[in-house]
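To start, the structure itself, in structure tokens.
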Amino acid sequence: MELLDVLTELARSGQLGPVANGAAWGAVTEALGEPFEVVIGKRRSWPRLFAYGDLELSVCRCQKIILICLQTWRDTVELPAGLVEKRAFTGHPKYAEVIEALGRVGCAWQPYTSLTFDNQCAIQATPSGVVFVFEIPEGEDPVLNVAGPQPHHHDCAAATRTSGMPGCPGGQR
């Protein structure tokens with residue numbers, strides 16, 4: 001399995017194994033183990049950001065995944081054991097390689113104009129809504145920077161128990 005195989009699976013289904021928008025956080029950690037928590041500043045507030053190598057997940061206070069980002073801009077892209085057999089992949093996939101891989105698996109796509117400007121272009125996989133954002137280095141072919149489905153919006157069950165936070169009604173400040 002190569003990184004393009006991982007990306008085409010994400011494009012077709014919108015998920016990687018147990019990692020899906022709206023998935024229960026407990027089921028994901030049970031399958032993949034404990035992630036690294038990314039703490040920004042001194043406060044630990046909700047939603048929280050966790051990482052399994054280059055797979056970043058934002059988790060709501062109600063313990064559901066609300067955002068999935070697969071970072072591909074590094075030289076080596078690392079994914080968690082339990083998700084894929086091979087854990088490290090060569091990064092920097094080119095636009096043409098991604099388009100060709102999507103075509104091989106019959107995954108339709110379209111330009112995603114709201115994230116296409118200046119030195120950046122984006123496409124969206126039709127079946128899943130996964131967006132692929134490419135950086136366009138000066139004089140070079142576009143290189144995939146990040147891929148992931150649109151954020152998951154939900155009625156947070158925790159909203160009735162605590163005050164709200166922008167982006168997640170049940171969040172805690």
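The values are calculated or read from the model by the stated rules, or taken from the named source; none is laboratory data. Quick caveat: nothing in here was measured; it's all calculated off a predicted structure. Note that each Cβ is placed from the backbone with ideal geometry, even for glycine, and that neighbours are counted across all protein chains shown. Just the protein is used for accessible areas: all its heavy atoms, side chains included, with ligands, DNA and RNA removed. Shrake-Rupley method; radii C 1.70, N 1.55, O 1.52, S 1.80 Å.
Remarks
- Less than 5 angstrom separates the built amide H of C156 from those of G170, all sequence-distant by 5 or more or on a different chain.
- Between E37 and N119, the modelled labels are 3.6 nm apart [label points 7 Å from Cα along Cα→Cβ].
- Evaluated with a Cβ-only charge set (Lys, Arg +1; Asp, Glu -1), the chain carries a dipole of roughly 1020 debye about its Cα centre, given to the nearest 20.
- Long-range HN-HN contacts of L83 with modeled amide H, under 5 Å: none
- Surface accessible to a 1.4 Å probe, V130 within the full protein complex, Å²: 0 Å²
- Checking every one of the GluC sites (Glu not before Pro) in segment 51-137 against DSSP loop status and a limit of 16 other Cβ atoms within 10 Å picks out E85.
- Cut-off under 5 Å, modelled amide H: who pairs with V146 long-range: T72, V133
- Evaluating 6.51 cos²θ - 1.76 cosθ + 1.60 at θ = phi - 60° for every residue in segment 75-92, the Karplus couplings come out as 4, 10, 9, 10, 10, x, 4, x, 9, 9, 5, 8, 9, 10, 10, 5, x, 6 Hz, glycine and proline recorded as x.
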